[in-house]
Amino acid sequence: MSIGKAKLTEKNVTLAHGAGGEIMQRLIGEIIVKNISNNKAGSVGLLDLDDGATISIGDSEIVFTTDSYVIKPLFFPGGNIGKVAAAGTINDLAVMGARPIALSSSIIVEEGFSLDDLVKIIKSMDETAKEVGAAIITGDTKVMEKGALDGLVINTAGIGIANQMTRDSGLNVGDKIIVTGTIGDHGTSLLSFREGFSFETGLESDSAPLWNTIKAALDVGGITAMKDPTRGGLAAALNEMASKSGAGISVKEEQIPLKEAVKAASEMLGIDPLEVANEGKAIIGVRPETAGAVLDAVRGTTYGKDAQIIGEVIGEHEGKVILETALGGKRYIETPIGDPVPRVC
Ligand code: MG
């Protein structure tokens, strides 16, 4: 991937360092990963920068992942921080091909926080995990003094078991690219809500745990790569998959499922729906022979009804993503420099 392409010039952390784009990739590469020397416990380690890593135990490997959630506001149309915290970690396991087994819940809360709201958040985590058969089995709770924290942050780690380990780097020329549903819903709806016109758009976050959808795809077979397009959106995720796989990806604009309300809100907000976070979608690379059957299987699941084949892996434009526009033009889809919508996950 593009880590190390340019040097960090700042002396202090900026918001762009957390935005999911190239600047964040440089922070992770030059400041975090470079200073952790013991970074592998199985076939996938820290340097792979995949959605999770693996631990070898005897002949099998378990998948391990962790994420922190700093969403503002904590409650929004379609969910709350607890739902996203459980779903996001479950989805990172799922796109590695792993059945989510257990999660941790580590919560840091600000003095004065409503206990009723805390109950709602915890119950959402519980319901979301239960939906895919995962248990929340360990946790930690800390309280910080008023003003030291913006309400509440959650960290969830997750462990899963993969029978068919899937990486984000396994694309081959000829593979079809499936997205499991409409793109841009989470980032666009959250920003609309913050800006005070969510009532007009009617948009909701797509936050959802995807294991059942992904299992349906895996059961058909022929899956070569998967990733969840969270921070940086479809644009960042496709570029990462192309770059790590050493192949090009060609995508047809008219095949990308986009809600009319997302298109309208994006134009109004001046953001690109391909660059904002999704919290209930996966990108699936699949061999052409089984692509149709995988698409049907995904569409048969609760969160996969709007799935589409949006493009394919090509032998040129290595590491790049080409968009064929509705008018027949072609342009690169670039990794966004920073997130146009901060604090959405
Ligand atoms: Mg991920």
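Quick rundown of the values:
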quantity: For the chain, calculated [θ]222 nm from helices alone, where every DSSP H run of n ≥ 4 adds -39500 (n - 2.57); calculated: -8500 deg cm²/dmol
quantity: Close Lys-Lys pairs in segment 104-192, where close means Cα under 30 Å and separation is 8 or more or interchain; calculated: 6
quantity: Thr14-Lys146 pseudo-label distance in nm [points 7 Å out on the Cα-to-Cβ vector]; calculated: 3.5 nm
quantity: Fraction of beta bridges assigned by DSSP in the chain that are antiparallel (%, nearest 5); calculated: 75 percent
quantity: Rounded if a/c under 1.5, otherwise prolate or oblate - segment 141-196, Cα gyration tensor axes; calculated: oblate
quantity: Amide N proximity, segment 244-260 versus Val173 label position 7 Å along Cα-to-Cβ, cut-off under 14 Å; calculated: 246-250
quantity: Where only alpha carbons of the chain are counted, the Rg and the Dmax (Å); calculated: 19.1, 58
quantity: Residue among Ala41, Ala307, Ala208 with the largest mean-square fluctuation in a Gaussian network model of the chain, springs linking Cα atoms under 10 Å; calculated: Ala41
quantity: Label-point separation in nm, Ser60 to Glu260, each point 7 Å along Cα→Cβ; calculated: 4.9 nm
quantity: Additional length obtainable on full extension of the chain from Thr290 to Lys40, 0.36 nm per residue less Cα span; calculated: 86.7 nm
quantity: Within the chain: Cβ-based charge dipole about Cα centre, in debye rounded to nearest 20 (Lys, Arg +1; Asp, Glu -1); calculated: 420 debye
quantity: Given 12 as the ceiling on other Cβ atoms within 10 Å, longest exposed-site-free region of the chain for trypsin sites (Lys or Arg not before Pro) in DSSP loops; calculated: 147-345
quantity: Accessible area of the chain divided out per residue, in Å², using a probe of 1.4 angstrom; calculated: 44 Å²
quantity: Top positive-direction residue, dipole computed over the chain with Cβ charges, set Leu74, Ala247, Ala291; calculated: Ala247
quantity: Most fluctuating residue given options Leu323, Leu234, Leu149, as computed from a GNM of the chain linking Cα atoms under 10 Å; calculated: Leu149
quantity: Cα convex hull of segment 1-135 - mean projected area over all directions, nm²; calculated: 10.5 nm²
quantity: Check: segment 29-171 dipole with +1 on Lys, Arg Cβ and -1 on Asp, Glu Cβ, in debye; calculated: 100 debye
quantity: Thr138/His317 FRET efficiency (R0 56 Å; Cβ-Cβ; nearest 0.05); calculated: 0.80
quantity: Global geometry of segment 204-345, whether rounded, prolate or oblate, following the gyration tensor of its Cα atoms and the 1.5 cut on a/c; calculated: oblate
quantity: Separation of the Ile28 and Leu327 label points, Cα + 7 Å toward Cβ, nm; calculated: 3.5 nm
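The values are calculated or read from the model by the stated rules, or taken from the named source; none is laboratory data. Treat the numbers as computed from the prediction; the structure is a model and nothing was measured. Please note: Cβ atoms are built from the backbone with ideal geometry, for glycine as well, and neighbour counts cover all protein chains shown. Each accessible area value is taken on the protein alone, full model and side chains, heavy atoms only, with ligands, DNA and RNA left out. Shrake-Rupley method; radii C 1.70, N 1.55, O 1.52, S 1.80 Å.
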